[in-house]
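Everything on this sheet refers to the single structure shown next.
The values are calculated or read from the model by the stated rules, or taken from the named source; none is laboratory data. Everything numeric here is computed off the predicted structure, so don't read it as measured data. To get the accessible areas, we keep the full protein, side chains included, count just its heavy atoms, and leave off ligands, DNA and RNA. Shrake-Rupley method; radii C 1.70, N 1.55, O 1.52, S 1.80 Å.
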Amino acid sequence: LQTLPAREVMGTSLTHLDRDDSLWHAHQMMQRLRIRQLGVVNRHGKLVGILTQLSILEIFKPGIVYGFIENLQQQIGTLKREKLELLQSLNKNVETSEPENVSGLQEETARDYLLALISMRMRQSLNLEEILETATLEIRTWLQADRVFIYFCDPNWNGIVSIESVSAIQWSLLGVHIRNDYFEKITTDTLIRGNAIAIGNIYTAGLERSDIEFLERFQVKSKLIVPISRGNSLWGMMIIHHCAEIRQWQDAESDFLERFSPQLAIAIHQSSLLEQSQVELAERKLAEAQLLH
């Protein structure tokens with residue numbers, strides 16, 4: 001190291017981005033190119049600085065996060081005022097609307113509010129397990145279903161139920177292994193496109209006898225499958241089961257869950273990014289400590 005000149009090991013090119021580009025764009029470039037730093041240039045193409053993965057983590061400093069919180073509080077106040085104005089406007093429309101239109105409008109407004117409320121509760125945590133627990137509890141409560149769990153899709157479609165919400169302990173599947181061929185059969189283009197699959201009665205839905213017997217083992221009478229996508233691939237599925245009796249799912253319920261799924265996917269992705277950044281930070285600190293010794 002004392003005799004080797006820097007020119008022997010230095011890079012001759014540096015991937016760069018504009019200083020006005022977002023940190024999200026920078027993070028995506030680092031992930032795509034598998035690099036840990038980028039050059040930052042001005043509008044004349046002159047290098048003005050270096051952006052590293054640690055630089056991105058600077059946004060999580062307490063002072064900056066506090067600034068974000070203040071900004072969010074102001075936005076929440078604005079949203080509350082806008083919501084009040086919207087409700088006042090809706091009330092005026094309701095007074096002049098036909099009775100059947102009034103009911104539909106109220107239901108749609110309630111679903112929009114619920115979607116925003118659940119999304120906000122999920123964003124209160126960056127811990128993946130807490131996010132999934134919140135999602136399953138909120139959806140089960142809203143649907144008044146017997147069981148809701150999230151199934152992670154590994155390459156072989158094997159998995160164990162580790163996150164669930166149930167209305168009674170007898171419906172619990174915690175620790176139960178779900179056989180891979182069952183999920184392979186339902187992995188269709190419908191799910192990949194983000195559409196939910198609703199089965200109101202497993203006995204009249206045209207399922208194979210082996211699949212019916214498999215579902216009977218877990219007291220399933222009706223089920224609703226909601227895909228959780230990550231980009232163009234399937235990350236996992238939210239499974240809703242009704243066990244006590246047959247249930248015919250409403251189109252509005254499927255539509256709501258299809259709108260909810262991207263919000264859950266975003267929360268999962270943010271949590272994964274933070275976890276990855278923490279791992280990389282720990283690795284860098286370890287490498288620095290080894291160099292110092």
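Of note:
- Per residue accessible area in Å² of the range 235-282, where ligands, DNA and RNA are left out and the probe is 1.4 Å: 43
- For the range 232-293, the Kirkwood hydrodynamic radius comes to 15.6 Å, computed from all pairs of different C-alpha atoms.
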